[in-house]
Structure formats: structure tokens, C-alpha cells
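Enquirer: Pasting in a structure now, in C-alpha cells, and then I'll have a few things to ask.
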Amino acid sequence: MDYTPHTSQDLETMLTRVGAKNLRDLFGDLPQDLIFPDLDLPAPLTETEMMRHLRELAAKNSSAATSFLGGGLRAHYVPAAVVPLAARAEFISAYTPYQPEASQGLLQAIFEYQTMISELTGLPVSNASLYDGSTALAEGVLLALRETGRNKVLVSQGVHPEYRKVLKTYLDAIGAQLEEIGLEAGKTPTTQVSTEVGAVVGANPNFLGALENLAPLAEAAHASGALFVAVVDALSLAVLKTPGSYGADIAVGEGQPLGNAMAFGGPHFGLMAVKENLVRQLPGRLVSETTDVDGKRGYILTLQAREQYIRRGKAKSNITTNAQLTALMGAVYLAALGSQGLKEVAARSVVNAHQLAKRLTTIPGVRQITPRPYFCEFVLELPKNPSQVRSELAKRGIHAAVPLPSEYGHNLALFAATEVHTERDLAGLEAALREVLA
Amino acid sequence: MIAEKKEVRPESPLIFEKSLPGRRGVRPPAVADVDLAELLGAENLRPEPPELPEVDELTLVRHYTGLSRRQLGIDVTFYPLGSCTMKYNPKVHEAAVALFADLHPYQAPETAQGALQLMYELQHDLSGITGMDATTLQPAAGAHGELTGILSIRAYHHSRGQHAQRRLVLVPDSAHGSNPATASMAGYAVKEIPSGPDGEVDLEALKRELGPHVAAIMLTNPNTLGLFERKIRQIAEAAHAVGAQMYYDGANLNAIMGVARPGDMGFDVVHLNLHKTFTVPHGGGGPGSGPVGVKKHLELFLPSPQVVRDGETYALDYDRPQSIGQVKSFYGNFGALVRAYAYIRMLGQEGIQKSAALAVLNANYLKELLKEQGYRIPFDRICMHEFVAQPPEGFKTVDIAKGLLELGFHPPTVYFPLIVKEALMVEPTETETKETLQTFAAAMGEILAKGKEWLEGAPYTTPVRRLDELQANRRPKLRWEKG
Amino acid sequence: MDYPDNLKYSKSHEWVRQDGDTVAVGITDYAQDQLGDVVFVELPSVGTTVSAGDSIAVVESVKTASDIYAPVAGEVVEVNVTLGDKPELLNSSPFKEGWMFKIRPSQSGGLETLMNAAAYRQFAESQ
């Protein structure tokens, strides 16, 4: 079935009015030998049939709602209020708020979001969101290169490997160089930064879950005139030092832990906040407070001359569509939890992770790789191939053990715990892993 | 006559202004006394917590419900925003997405076979609809798809040792701004090709620019005037004759969705906007999804991973040595893919072709109605899914837009394409009834009748009236500060 | 619309004034009128070496952004830092307080290709 409302009477009236005999007539400008081809699609379904088909597909998946999988996304609880509020018909069915008088709802919500992200990161300016953590990193680095006029990037191996891959794609495109700083004992060593380098990138916590003191690396970057880009875990900023406080010029991160379902990898949102002096270089939309002709407070998109629809080939980025609705979910989540609630989610995730690590490292042959202190993810060395372990655990109804790329070493797997886990869950994973590794 | 101004249009306090220390909303599971300084190191902790709103759940609900009532969407009113395809987003898609919410991208592939099958089938279906040989679902939006497509073209030229010589991308002057912005991001120089008097690409001017230094031509077809480029085959032939690639910007695919395929017209690459053509909700500006389809010779260069099938098993293929790499973490905006898949399954070939045809019919019908109301149509022939109009002499487009807001409609796209002065770009889409189009056309007439003085003051009763954009640009205030 | 006689003009609507061994550059009254309210000016760094025709500054209004080109080759020796806080000077005083940057030309001459006030006026009015 389709969603067109036309009756046969409508069709007749409208075709007559436009001077066409039939619908095919409307395509007279097209090459006639090409139109209405066979598309090789299955037969149409009604709503009932389609939902049944999708339920059958969904039944071939197993839920990871209480999983111990990490690596950018985690199984946090999404409070029931988040989706119904953010996905209200007026929000979900709106376009980008180009007409401010008709879009005060979204514009105000974005302004509030910008404030929340600024509070979390300790940096004064947040944009309205980017696609995800990986592309936020790429955009943050491009920003740094534009600002410094330099062409080389130093990135810690502690940054998510997929983010580094995405960064490489973006940098290859403009012919910029990417160099990696290898981890030493699970942390990023402070290195010399040459004057060709425009951006230095570190992550806190890093991909292994370890907390890093990035201040010396930020200092080294600034000493040579480069900007420092921090990749953050949004939830961790409830309790951890802000990137603004340790010298980051630009903070980027993945927003999923803030009220977004994992959804097999997307959509979520990418957050980006910067120092005041970088605002004109910022990619993506920005909302400013202003007043209307009656002097009343209102909100409007601003600094639009940075963007592609005005600046075309010289825009700061080609980004147009961003991740507004999922960022709104993030804002609703933060407002629902408040500072205390967010801290409790973070604390319980941290405590659960530490208890889990303690349990799992009692299993023979299992060794913790992530150094202390660490947040809510950690890496274990397993006495068996992690992909097999992950599959064996899945057979027992537990999702855990993300295999790490070989750059980090052999037989390594990432584990995460969140506030959703109970003592029983932790014990369950321990027992299952014991069995799998026996 | 000037409409009487409503005395009270209530202020909307920020959620921060409703916050009171100690108020609690949603409470996470309790955690026993925990010494974070011991677990995380005192030196790693922030001295002050972030200042987030502290509200009870009902205040939260009323706040966002209140904000939503200060917002127009397709579900509220007619929203004929040109080149944005604001068609109805079926509610069933939200139910469909919920079935797949709790999947983690790193769970064992054998435990996500349904999700992978859906992606595999969608790759196939989108290739069929666009006439391409392979499709990647990874890009997160249209502009992201553009970048993916252009980088694939670049990798192709590279593989043939021609990258160094092909440094230029050609775009028509009517193109979306994202096209030249994308070409720049991919390291290319950009040259704009003028449109001819018929609103189509000037073929002779294009041929003069073509040569072995050209990497690609980026085209939207129908173009942003809503006109089908009738010389598309000659353009493609001329491009291919000098080794340039043809890039199809799918922003306007709704006009010809399934009726004519870019692949059959000579395009080598196409990106789709699932949030336009395939009814993924726009969500106030995203998230979207921008799959990219390519012809066989470009398949090797698509991002990694691709979803592949081996017998009855679906898997992620990372073994793609010539790939441009990854453009987004994980596998794309999967939630958007579920919605598009559901849409295609429900419509099938018949529904897809019919939807495109009725989008075109609605546009042509509305064009006739607006002419009757005194609007000018600079390129007046059978249009595709959208058309460009101009207000009668002496009226300004911005005022037309603001007048429509007062009457409860969302205005068309304004001042685009740049090649038409005072442009109003109107795209009604196929999901609107004849009566809605008639009511809208009547409103377009009514605002003219109210006269310029009324229009220049409009809107009057919206949550805010015209805003001071200059102040917002000269002295932007980008976050709330505690007063 | 002002077209001061003591200045030279480019087709991209910059004006140029010879001040001893440097030239001052700004945008014309016609240009500021076309742009509308200026909200931001991006200036080159002092010490930058430029070629004639290089895009070295940007003037932004609410809805557009325009590149400003170096009318002569040479070194940027001074920029009008006041514009950082008061971009509106480009609108209120395009030829005086709204000057943008000064270049020390690398060789004498180079200004002959520019238009005088009368020629520019004709050019601008035909746009």
C-alpha cells in the first residue's frame, strides 16, 4: 500500500487542469525508452503484513539490552519519557528550523542542548550536533587544520579505532597527513609536536577504558601552535574533569549514552564544543538567542554564512542534515536525569565495571590489560580467541567480549558495564565466561 | 488593514529557568555509597558538577510538550519546502524501528542475522530503484553520501593513474550548495556551469569546460528549478567521452523514484536521501541517511564494510583493500534504514512509481493554482515534483513567507535556486490532498490581497514575530548563562 | 552612493588608496549597500605575502559571505583590528573608518589596471 490520497475523481480533475491525458504524460521530458522500468522488488505489503515480516526478521536477532558490549556504544537505560517527548509529532516531522517564527520549539530546545553540552565539556560554544562521534572527530580535526593553516595530525592510538579510520578517510580527501602516537602501558605518552602539526588528538577515557591525564599532551600541542582535540565519553563528564579544564580547544564525542537506543550502530549524535575564538570555524548549525520586533526573547539560527547553502565551495563543511532529533533525545535525557541523576548513572556504571573486572580476572588465564584508573569499560586478555568467546557467550544468552583489533595485541576483548546491570548479571557473565574458557 | 496584534503571546522559559536545586526527575538504580575518588582518582574528578536542569518528571513533560506546540511539522500543517520532500512519514515506521532498538553493532553477527538481512535486501532494493550495481548504506546524510560518492570517484581515477590530472568538478549554477562544498572537502576545485534560457544546463558551455582535467560532473535531475534535464544522455556521453564520471545528487529523486533510473540515464554514482524520498522523518534537521549507489567499475571503492550473503548467512565484509575506507563508525544510520526498508516493502514497484507520478501531478496542479492567484512562473512547462514561482511584481518573497506563517502554513523554500530572483521553490509531495493544495493556493492569494503593509508586518500571532537576525549574528548568544 | 575621486577601484568592488609606500584597501559604498548589514570581517594576518587577485579577506553579512581580493601584490603590513568588534563600520564609513588592510606593494605600479572614480561609478551602476 502507498500513502497517496488521490481518488480516481481527483486524478481526472487534476490531470485535466494540468493538461495531461494520463500520468505517463507528465514524464514527456524524460527519455521515453527508459521510463517505468522493472525494479525487481517484492510484491507490496499491507501494514499488517509488513510488520509481521519485520517481526520475523527481528526474531532472528537477539537483544543486547543488558549486554556487556562497549566501544563507543553501550547498553544504558533510556528513560520512558525520552522518546515520547523528543519524537512528538511536531518535532519528528519538522525540517531544519529555517523559519524561526514557526520553529521556536526546536530552536529553544537546541539552545538548551548547546548549554547542556557546554556545561558537560567546560567549553563555551557547542553546535547543534553532528552525525556521530567518528564524524565529529573528523570535523573537529578539519576545523583545527583550517584554523592553524597546517596539514598534519597526531592522533593517539587511544582513540577509537573506527574513529581513526573515519578520520583517515577525511584527511586523505584533502591530502593531510595522519600520524599515530602508540599507547604505552595503556596510556598515551606525551610526545614532541612539530610545527607542521595542526591538531593533536587524545581520548579520555581512551578506547581501552583507561583515564588519561591529557593536560601535558594539550600543552605540547599548544607549545607548537597546534590545537588540541579531546574525544570524550559524554556520560563520563558527569564526574570527570572537563576537556575545557585540561586545555582542549575542541571536544568531540558520541552522544549515544545520553538517551539513545543502540539501534545497531545508529542513528545517534555527535557532540562538538569549542573555545570561543573558534566559533566562526565551527561546522554545523548554531542557535542564538535574540529578540523579535516586540522585544520578546526568541531563538534563531546564526552565523549561517559558514554553511554550505550560503558559502557553497568555501563552506566550513558540507554538513546539512545533522542529528537533531537524536540530539534532542540527548537533551531530554540530560534534563530528565539532572546533574545528580547523571552522576548516579556514571557512578553505578563505574562500580559495576570494577566489580565485573574483579570477578572476571579471577578466571584462570584472564588478565586485565587496562590500567587503573578506568571508567566503565576495560580490556581483558583471554586465553582463547575473543570472537569465539563472544559467540560462545551469545549461545548462553549473554552479549560480551568485543574483540579488539590486532594493533592492540593478541586475544584482547573489551567489556563494559552500565547502570542496567545487577549483581546477578555480573555473576551470570562470570559463570558463563568461566564455562566458555574451561 | 493591519491585523490587531495579540497582546499576550506567552514567554517560554528555558528549562534551566524552571530548575530548582534538589528537584529530581528520573532516578537511576540506586548505588551504594561509593568513593569515586578512590575508583577514578581524585585528580581526575571535576570539582563542580555540570549545571544541568533539575526538574521533576511532570515539569519535564510539560516543558517539551510546550516546546512542541511552538513548532510546525508536516504532522501539523502543509509544508511545501522545495527540494526537501516534506512528505508524510508513516507512523508504522516508528513501530518498526522499535523492533531493532536494542541491537549492538559489535554483537556476534550470528545474533544479528535479521538486521544484516534487512541491510542486504535494502542494498539490493536501492540498487534496483536507482539502476546501480552496488549500494553502500554507511553515509549518515545526503551531504555525507556526496562525500562518499565523490571520494569513490576520486579513488577510481587514482586507480587508473589519472588522479593528478583530474582536479576539477563541474556543477551547474542551479546546484545545491552542498555539491560545491563536497567537492572542496574532497580536495577538488569547482567550476560552475551556467544554465541556459530554458533553465537546463547549457550543454555547449558544459562541453567547453570538459576535458581530461575533469573528474566529475555533479547533477541534480530534475534540477532545482524542478525541470528534467532533457539533454541528460548527451551530457553523460560528453562526460564519459573525456573520462569524467557522472554524479547524481538524489535530493530530487522523489520526482522520478522508480519511474526512471539514474543508472539508465548514464550516471555512475547516485546518493539518496532516505529522509526525503524514502520517508525517514526529518526530525527537525536530522538524523538522515545517505546511501550511495555505484556502477560496477566503482564498486571496489565503496566504504568498508559491506553486507554480503554467503548461502543463508549474512556477514560484514571488511576485506575491501581498494575501499575509500570508512566514512562513519559502525554500519550507517541503521534506524533510518529500517524505516526505508519498511516503506519500500509496503509500496512495492507499483506504489513507488505511483507515488512519484502523483508527486509530479500535485506539483503541476499547484503550479496552475498559483498562476491563477497571480504568481509568476519563470520556467513554465510541465514540471517535475517541484517548481519555482515568483510573487507578483513589487512583492518580496520574504514577506510572502512570513504572511503564510501567519495563516498557519509553512512557507516554500525561499531565495533558492540563486539563479531566480525572489524565488519561491514549491514542493507539495504526493501525500497531500487536492483540497489541501486548493486551500494553500487560496492562502497564497489571500496574503497578496491583504497588501504589502500587512505582509511587511507579518507574522503577528506566531510564538515570536520577526526576529533580530543582525543582533544574533553580530553578538551571538549561544548558551544560557545563570542570571 | 559615494565614489570618492581620490581612490582607485577594482571590478570586485574594493577601493584602494595610496598612502606613501603602502596602499589601504576597503570595500566601496556600492559593495556595502549590496551586502547589507555586515556582521563579521575576516582579515588577513599581518606579514602575509599576497599576489594580486588572491582572496585574502571575507566580509559576511547575515545571508552572504563575500571574498575580498588583494588588488596588488605585496605584504600585508597592517589590518584594521577595530573591525573585529565593530564590523558595522564597513556600512557606516566604508571609505574611512571601515578600511580593511594595508599592503606594501612588492613593486611599484600595479595600480594602473584599476579604475578611477568615474569609470567605477559607471561600472557599478551598470551592474
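The values are calculated or read from the model by the stated rules, or taken from the named source; none is laboratory data. Bear in mind the structure is a predicted one, so any value in this text is a computation, not a measurement. Here the Cβ positions follow ideal geometry from the backbone for every residue, glycine too, while neighbour counts run over all protein chains shown. Accessible surface is based on the protein model in full, side chains and every heavy atom, while ligands, DNA and RNA are left aside. Shrake-Rupley method; radii C 1.70, N 1.55, O 1.52, S 1.80 Å.
Enquirer: Looking only at other chains, what is the average number of their beta-carbon atoms within 10 angstrom of each beta-carbon in C:54-66?
Expert: Details: counts 0, 1, 0, 0, 4, 1, 8, 4, 10, 6, 4, 9, 1.
Across C:54-66, the average partner-chain Cβ count within 10 Å equals 4.
Enquirer: Give the residues of the stretch B:213-232 whose amide nitrogen is closer than 20 Å to a point set 7 Å from the Cα of A:Q32 in the direction of its Cβ.
Expert: Under 20 Å, as judged by backbone N against the label point of A:Q32, lie B:228-232 of the stretch B:213-232.
Enquirer: Eigenvalues of the Cα gyration tensor times 5, then square-rooted: what semi-axes does that give for the protein assembly as shown, in whole angstrom, largest first? The partial results should precede the final answer.
Expert: Numbers: eigenvalues 383, 257, 177 Å².
After diagonalising the Cα gyration tensor, the semi-axes are 44, 36, 30 Å.
Enquirer: Quantify how strongly other chains surround peptide B:364-371 by giving the mean number of their Cβ atoms within 10 Å of each of its Cβ atoms.
Expert: Working: counts 7, 7, 2, 2, 4, 1, 0, 0.
Mean partner-chain Cβ count within 10 Å for B:364-371: 3.
Enquirer: Something else now. Sort A:231-240, A:111-120, B:417-426 by the packing proxy (mean of other Cβ within 10 Å over each peptide's residues), most packed first.
Expert: In decreasing order of mean packing, A:231-240, A:111-120, B:417-426 become A:111-120, A:231-240, B:417-426.
Enquirer: Just to be sure I understand the model, the point goes 7 Å from the Cα along the line to the Cβ. What's the resulting A:R24 to B:Y318 distance in nm?
Expert: 5.1 nm
Enquirer: For a quick check of understanding: with a 1.4 angstrom probe and all protein chains in place, what accessible area in square angstrom does C:Y30 have, to the nearest ten?
Expert: 30 Å²
Enquirer: Using +1 at the C-beta of Lys and Arg and -1 at the C-beta of Asp and Glu, which of A:A305, A:L429, A:A400 has the Cα lying farthest in the positive direction of the dipole of the stretch A:301-438?
Expert: Positive-end residue among those listed: A:A305.
Enquirer: Another one. At a Cα cut-off below 12 Å, give the aspartates and glutamates reachable from B:K231, other chains included and same-chain residues fewer than 8 away excluded.
Expert: A:D29, B:D198, B:E200, B:D202, B:E204
Enquirer: Further question on the same structure: Looking at the stretch B:92-347 from every direction and averaging, what is the projected area of its Cα convex hull in nm²?
Expert: Working: hull surface 53.7 nm².
Result: a mean projected hull area of 13.4 nm².
Enquirer: Could you please report the charge total around A:A323, scoring K, R as +1 and D, E as -1 over all other residues with beta-carbon less than 13 angstrom from its beta-carbon? Don't jump to the answer; show the numbers that get you there.
Expert: Details: positive: A:R285, B:K328; negative: A:D132, A:E139, A:E254.
In short, -1.
Enquirer: Just order A:389-398, C:116-125 by mean Cβ neighbour count inside 10 Å, highest at the front, would you?
Expert: On the way: A:389-398: 18.9, C:116-125: 14.8.
Peptide ranking by packing, descending: A:389-398, C:116-125.
Enquirer: Also, quick follow-up: Considering only protein heavy atoms and a 1.4 Å probe, what is the carbon-and-sulfur percentage of the accessible area of the stretch A:274-408?
Expert: Working: 1920 of 4000 Å².
Carbon-and-sulfur percentage of accessible area, whole number: 48.
Enquirer: Quick check on the stretch B:359-483: take the gyration tensor over C-alpha atoms, sort the square-rooted eigenvalues as a ≥ b ≥ c, and tell me if it's rounded (a/c under 1.5), prolate or oblate.
Expert: Because a/c hits 1.5 or more and a/b exceeds b/c, the stretch B:359-483 counts as prolate.
Enquirer: Could you check what % of the DSSP bridge pairs in chain B are antiparallel, to the nearest 5? Display every interim value, and only then the final one.
Expert: On the way: 19 of 35 bridges.
Among the beta bridges of chain B, antiparallel pairing accounts for roughly 55 percent.
Enquirer: Please tell me which of these pairs span more than 30 angstrom C-alpha to C-alpha: B:K191/B:K276; B:K18/B:K328; A:K152/B:K328?
Expert: On the way: B:K191/B:K276 27 Å; B:K18/B:K328 37 Å; A:K152/B:K328 21 Å.
Pairs exceeding the cut-off: B:K18/B:K328.
Enquirer: Could you check the spin-label model distance between C:S55 and B:H213? Points 7 Å from the Cα along Cα→Cβ, value in nm.
Expert: Taking the two extended label points, one gets 1.8 nm.
Enquirer: Probe 1.4 Å, all protein chains in place: accessible area of C:D5 in Å², nearest 10?
Expert: Ignoring ligands and nucleic acids, C:D5 comes out at about 140 Å².
Enquirer: Also, quick follow-up: Any chance you could look up the accessible area of B:K396 with a 1.4 Å probe, heavy atoms only, rounded to 10 Å²?
Expert: 110 Å²
Enquirer: While we're looking at this one, here's another question. With the cut-off at 1.5 for a/c, could you classify chain A from its C-alpha gyration tensor as rounded, prolate or oblate?
Expert: On the way: a/c = 1.79, a/b = 1.29, b/c = 1.39.
In terms of gyration-tensor shape, oblate.
Enquirer: Net charge near B:H213: determine it from the other residues with C-beta under 13 Å of the C-beta of B:H213, scoring Lys and Arg +1 and Asp and Glu -1. Could you put the intermediate results ahead of the total?
Expert: Values: positive: B:R166, B:R167, B:K191, B:R208; negative: B:E209.
Net charge around B:H213: +3.
Enquirer: Still on this model: Between B:R167 and B:E110, what length in nm is gained on full extension when 0.36 nm per residue of separation is reduced by their alpha carbon distance? Provide the component values of the computation, followed by the final result.
Expert: Numbers: separation 57, 0.36 × 57 = 20.52 nm, distance 4.41 nm.
Length gained between B:R167 and B:E110: 16.1 nm.
Enquirer: For a protection proxy built on the mean count of beta-carbon atoms within 10 angstrom, sort A:368-381, A:405-418, B:196-209, B:457-470 highest first, please. Spell out each step's value before the answer.
Expert: Working: A:368-381: 22.7, A:405-418: 18.9, B:196-209: 16.2, B:457-470: 20.9.
My ranking of the peptides, most packed first, is A:368-381, B:457-470, A:405-418, B:196-209.
Enquirer: To continue, here is another question. Estimate for me the total accessible surface buried between chains A and B (protein heavy atoms, probe 1.4 Å, no ligands or nucleic acids), in Å² to the nearest 100. Provide the component values of the computation, followed by the final result.
Expert: Details: alone 22150 and 24110 Å², together 29670 Å².
Protein heavy atoms only, the A-B interface buries about 16600 Å².
Enquirer: I would also like to ask the following. Report the Stokes-Einstein translational diffusion coefficient (µm² s⁻¹, integer) for chain C, Rh taken as the Kirkwood radius over Cα pairs, at 20 °C with viscosity 1.002 mPa s.
Expert: Once the numbers are plugged in, D ends up at 150 µm²/s.
Enquirer: Continuing with the same structure: In square nanometres and to one decimal, what's the mean projected area of the convex hull around the Cα atoms of the stretch A:341-438?
Expert: On the way: hull surface 24.1 nm².
Quarter of the Cα hull surface area: 6.0 nm².
Enquirer: Next question. Under 12 Å from a label point 7 Å along Cα→Cβ of C:R104: give me every residue in the stretch C:67-89 with its amide N that close.
Expert: Within reach of a label on C:R104: C:74-78.
Enquirer: Per-residue ellipticity at 222 nm for chain B, helices alone: DSSP H runs ≥ 4 residues times -39500 (n - 2.57), over residue total, nearest 500 deg cm²/dmol? Walk me through the intermediate numbers first.
Expert: Numbers: 13 runs with 168 residues, N = 483.
Calculated at 222 nm, the ellipticity per residue is -11000 deg cm²/dmol.
Enquirer: Treating the beta-carbon of each Lys and Arg as +1 and of each Asp and Glu as -1, no other charges, what is the dipole magnitude of the protein assembly as shown about its Cα centre, to the nearest 20 debye? Intermediate results must be reported in sequence, preceding the final value.
Expert: Numbers: 97 positive and 120 negative charges, 170 e Å.
Its charge dipole is roughly 820 debye.
Enquirer: Need the full-extension length gain, B:E372 to B:E350, defined as separation in residues times 0.36 nm minus the C-alpha distance. One decimal, nm.
Expert: Details: separation 22, 0.36 × 22 = 7.92 nm, distance 3.31 nm.
Computed gain between B:E372 and B:E350 is 4.6 nm.
Enquirer: Set Lys and Arg Cβ to +1 and Asp and Glu Cβ to -1, take the dipole of the protein assembly as shown about its Cα centre, and tell me which of A:S288, B:W454, B:V61 lies farthest positive.
Expert: Highest projection toward the positive end goes to B:V61.
Enquirer: For every other residue with a beta carbon closer than 15 angstrom to the beta carbon of A:V83, add +1 if it is Lys or Arg and -1 if Asp or Glu, then tell me the sum. Don't jump to the answer; show the numbers that get you there.
Expert: Numbers: positive: A:R88, B:K91, B:R339; negative: A:E90, B:E57, B:E94, B:D102.
That works out to -1.
Enquirer: Run through the DSSP bridge list for the stretch B:127-221 and note the antiparallel percent, rounded to the nearest 5. It would help to have the intermediate numbers written out before the result.
Expert: On the way: 1 of 9 bridges.
Antiparallel: roughly 10 percent of the beta bridges in the stretch B:127-221.
Enquirer: Under a crude label model (7 Å from the Cα following the beta-carbon direction), how far is B:E17 from B:D198 in nanometres?
Expert: 5.7 nm
Enquirer: Right, another one. Expressed as a fraction of 2.2 N^0.38 Å, the rule-of-thumb size for a compact globular protein of N residues, what is the C-alpha radius of gyration of the stretch B:31-123?
Expert: Expressed relative to 2.2 N^0.38 Å, the Cα Rg reads 1.80.
Enquirer: Next question, about the same structure. For chain B, I need the span (max minus min coordinate) of the C-alpha atoms along each principal axis, in Å, sorted largest to smallest.
Expert: So the three principal-axis extents are 70, 69, 45 Å.
Enquirer: Okay, next question. Within the accessible area of chain B, what % is carbon and sulfur when the probe is 1.4 Å and the other protein chains stay in place? All intermediate terms of the calculation are to be shown ahead of the outcome.
Expert: On the way: 7950 of 15690 Å².
Accessible surface attributable to carbon and sulfur in chain B totals 51 percent.
Enquirer: What is the average number of partner chain Cβ atoms found within 10 Å of a Cβ in A:397-404?
Expert: Mean shielding count: 3.
Enquirer: Here's something else I'd like to know. Of B:G351, B:A389, B:N362, which is farthest towards the positive pole of the stretch B:333-391's charge dipole, taken about the Cα centre with +1 and -1 on the beta-carbons of Lys, Arg and Asp, Glu respectively?
Expert: Result: B:G351.
Enquirer: On the first, second and third principal axes, largest extent first, how far apart are the outermost C-alpha atoms of the stretch A:82-331 in Å?
Expert: 56, 35, 30
Enquirer: Can you classify the stretch B:95-156 as rounded, prolate or oblate using the Cα gyration tensor, where a ≥ b ≥ c are the square roots of its eigenvalues, rounded means a/c under 1.5, and otherwise it's prolate if a/b beats b/c and oblate if not?
Expert: prolate
Enquirer: Here is a further query. Go ahead and run the numbers for FRET between C:D33 and C:A73, Cβ-Cβ distance against an R0 of 30 Å, rounding to 0.05. Mind dumping the intermediate values first?
Expert: Values: r = 29 Å, r/R0 = 0.96.
E between C:D33 and C:A73, to the nearest 0.05, is 0.55.
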